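Structure record follows, encoded as structure tokens.
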């Protein structure tokens, strides 16, 4: 499995992006980083960042769009069509940056497209506006474009709030280079089973990126991988392995009291241990347990995995 880490976790300790990339480059097991546009490109050019990545043996997995102050009332679905078009243009710029860095994809999370009150938006109008905006972005670039959904935060209700809503959106946008980024915590917040979405998307070659973290399920806790929902995490790994996932597993975790490098190393150790457990028990044996549809057999398997 290939792993990437969250740059903003490290920027809490130092605001110098170059210094942070040098630090990440020293972590064994991290070969990729995700970068945010435009925030990570304010002090350094794409060419400067590309050179630092190369020096540290790192690659750009994805450019994540970050819509800030101007977009607080909505990005693609903003009632002000000029702001909506600016959001599309920001994505075009990010696509160019991604190509400069030899990045693999763009990830778009529309945290402000949604509503807080009844009667606040015209649902159908905003939906179609978002569909059209995504079509413009996908038509601009041949890069994979990935939708990351979240049920709430920043809005009380996000427009693209669930696995089902995302798949309906993808069907209506109807572009071959459009896929999904799944975030473990976001799925817990929506009371979804992460492995179900992982398997469904991998079966259709639509899982472009996997964000791993953990949490209690009410907010985007960003806790370390496997520390709360251990078995759900193992099940996700099983399907990533079953379908030979070629993408990158990104640690979208938020160390607030922990050192970022130590927290990242802990994530790597957990993932490696889970991979070892699956290898020890055997993919075929796990598949046989699933085929039995027998909860006791599942429990016995869990005991065996805890050798």
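Among residues that are in contact (Cβ under 8 Å) with a residue 12 or more places away in the chain, surrounded by 19 or more Cβ atoms within 10 Å (Cβ to Cβ), in a helix (DSSP H, G or I) and out of contact with any strand residue (DSSP E or B) (no Cβ under 7 Å at 6 or more places or on another chain), residue 236 is included. If you go through region 159-179 and pick out every residue that is surrounded by 18 or more Cβ atoms within 10 Å (Cβ to Cβ) and either over 19 Å from the mean Cα position of the chain (by Cα) or at pLDDT below 95 (or both), you end up with 1.
Looking only at region 261-276, filter to residues that are over 17 Å from the mean Cα position of the chain (by Cα) and surrounded by 20 or more Cβ atoms within 10 Å (Cβ to Cβ); which one of those is nearest to residue 106 (Cα to Cα)? Only one residue tops the list, namely 263. Being buried (at least 19 other Cβ atoms within 10 Å of the Cβ) and farther than 22 Å from residue 34 by Cβ, is that true of even one residue in region 225-233? The answer is yes, given that some residue of region 225-233 is buried (at least 19 other Cβ atoms within 10 Å of the Cβ) and farther than 22 Å from residue 34 by Cβ.
Among residues that are out of contact with any helix residue (DSSP H, G or I) (no Cβ under 6 Å at 6 or more places or on another chain), under 25 Å from residue 131 (Cα atoms) and either touching a residue at least 24 places away in the same chain (Cβ under 8 Å) or in a helix (DSSP H, G or I) (or both), residue 85 is included. Within region 26-49, the set of residues being surrounded by fewer than 17 Cβ atoms within 10 Å (Cβ to Cβ) and over 20 Å from the mean Cα position of the chain (by Cα) comprises 26, 28, 42, 43, 44, 45, 47, 48. Report yes if some residue within region 57-78 is under 26 Å from residue 267 (Cβ atoms) and part of a helix (DSSP H, G or I); otherwise report no. No: zero hits. Looking across 203, 258, 284, one residue alone is surrounded by fewer than 17 Cβ atoms within 10 Å (Cβ to Cβ), under 22 Å from residue 167 (Cα atoms) and at pLDDT 95 or above. It is 203.
Could you please let me know if residue 244 is surrounded by fewer than 19 Cβ atoms within 10 Å (Cβ to Cβ), in a loop (DSSP other than H, G, I, E, B) and in contact with a strand residue (DSSP E or B) (Cβ under 8 Å, 6 or more places away or on another chain)? No; evaluated as a whole, the condition is false for this residue.
The values are calculated or read from the model by the stated rules, or taken from the named source; none is laboratory data. Just so it is clear, the model here is predicted, and its values are computed rather than measured. Note that we place each Cβ from the backbone using ideal geometry, even for glycine, and neighbour counts take in every protein chain shown.
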